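Colleague: Sharing a structure below in structure tokens format, with a few things to ask.
The values are calculated or read from the model by the stated rules, or taken from the named source; none is laboratory data. Everything numeric here is computed off the predicted structure, so don't read it as measured data. Cβ placement follows ideal geometry from the backbone for every residue including glycine, while neighbour counts extend to all protein chains displayed. Only protein heavy atoms, including side chains, enter the accessible area calculation; ligands, DNA and RNA are left aside. Shrake-Rupley method; radii C 1.70, N 1.55, O 1.52, S 1.80 Å.
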Amino acid sequence: MPSFLHSLTRRLKYGRPVVIVSGLPRSGTSMAMKMLEAGGMELVVDNVRTADEDNPVGYYEDERVKDLAEMEDRTWLRGARGRVIKVVSSLLNYLPATNAYKVVFMRRNLHEVLASQTKMLVRRNEESHSEDEDLLAMYESHLEKVQFQLRFRPNFEALYLDYSKVVAEPAQEARRIADFVGGGLDAERMAAAVDGSLYRNRRTADGAAAK
């Protein structure tokens, strides 16, 4: 964690940090957004993508994020200072250096991620064009690169959370998030927002489907 002086200097330079919820698709990012909303944070969302069978509580997204890689003017993100916005892990590198960021990064068993993504594709009558083992290797490499980037970009702080642990111990993990974000969030309400019944496609430690 940065020192108090470092945090103060960064606050004076960038203003209030933008809170980012990130991770791979299907890693629990919508759950984290719901927790932060319950805790009292204002979300940056447009509700264009509505709730469905894959995400019954909603996606908590802003469509502008999808265009970050091609976008020339990203100054709109200044309006997210002191608020929370979801940014998939592959787009974190395109966040401008003109803001400070606190990243709540969701991790999930990669076999569960793949299983969840596969079910989503089936429901949409789409199919994956890559083998699971290739996707696993790609995701592992991607996550290593993202963690390296977050560690060494001076205006970023990151808190890593395990999806299964948040579901199993919501009170403890909600307090971790609240302490990391700051601003007097209500950790009890955050914990109450976790719905364990939505934890589907569970896997055991060896990657096998849980019974």
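Colleague: When you scan segment 80-104, how many residues do you find that are in a helix (DSSP H, G or I) and free of Cβ contacts under 8 Å to residues at least 60 places away in the same chain?
Modeller: Residues in segment 80-104 being in a helix (DSSP H, G or I) and free of Cβ contacts under 8 Å to residues at least 60 places away in the same chain: 4 in total.
Colleague: Scan segment 84-104 residue by residue and report those that are buried (at least 16 other Cβ atoms within 10 Å of the Cβ), closer than 17 Å to residue 147 by Cα and among the polar types (S, T, N, Q).
Modeller: Across segment 84-104, the qualifying residue is only 89.
Colleague: Consider only pairs whose beta carbons are under 7 Å apart and that are at least six residues apart or on different chains; among these, list those whose first residue lies in segment 16-30 and is more than 10 Å from residue 89 (Cα to Cα) and whose second residue is polar (S, T, N, Q) and open to solvent by 20 Å² or more (accessible area, probe 1.4 Å).
Modeller: Sorted first by the residue in segment 16-30, then by its partner, the pairs are 26/117; 30/55.
Colleague: Next up: Would you pick out the residues in segment 167-200 that are of a type in the set (Phe, Trp, Tyr) and in a helix (DSSP H, G or I)?
Modeller: 180
Residue by residue, here is whether (1) open to solvent by 10 Å² or more (accessible area, probe 1.4 Å); (2) at pLDDT 95 or above; (3) in a loop (DSSP other than H, G, I, E, B) holds:
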residue: 78; (1), (2), (3): yes, yes, no
residue: 106; (1), (2), (3): no, yes, no
residue: 115; (1), (2), (3): yes, no, no
residue: 119; (1), (2), (3): yes, no, no
residue: 122; (1), (2), (3): yes, no, no
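Colleague: Here are 112, 157: which of them is within 18 Å of the chain's Cα centre (by Cα), more than 18 Å from residue 20 (Cα to Cα) and charged (D, E, K, R)?
Modeller: 112
Colleague: Additional query: Please work out which residue is farthest from residue 27 (Cα to Cα), limiting yourself to segment 167-204 and to residues that are among the hydroxyl-bearing types (Ser, Thr, Tyr) and open to solvent by less than 70 Å² (accessible area, probe 1.4 Å).
Modeller: Per the stated criteria, the residue is 204.
Colleague: Another one. Residue 71 - would you say it is more than 18 Å from the chain's Cα centre (by Cα) and open to solvent by less than 30 Å² (accessible area, probe 1.4 Å)?
Modeller: So residue 71 does not fit the description; no.
Colleague: Filter segment 31-74 down to residues that are of a type in the set (Val, Ile, Thr) and assigned to a loop (DSSP other than H, G, I, E, B) and give me whichever is farthest from residue 166 (Cα to Cα).
Modeller: Top of the filtered list is 48.
Colleague: Now for a separate question. Report, by residue number, each residue of segment 18-61 that is open to solvent by less than 40 Å² (accessible area, probe 1.4 Å) and more than 20 Å from residue 193 (Cβ to Cβ).
Modeller: 18, 24, listed by residue number.
Colleague: Next question. Out of all the residues in segment 59-69, is one or more of a type outside the set (S, T, N, Q) and modelled with pLDDT under 95?
Modeller: Within segment 59-69, one or more residues are of a type outside the set (S, T, N, Q) and modelled with pLDDT under 95.
Colleague: What is the number of the single condition among (1) over 16 Å from residue 23 (Cα atoms); (2) open to solvent by 20 Å² or more (accessible area, probe 1.4 Å); (3) in a helix (DSSP H, G or I); (4) small (Gly, Ala, Ser) that residue 164 does not meet?
Modeller: (1)
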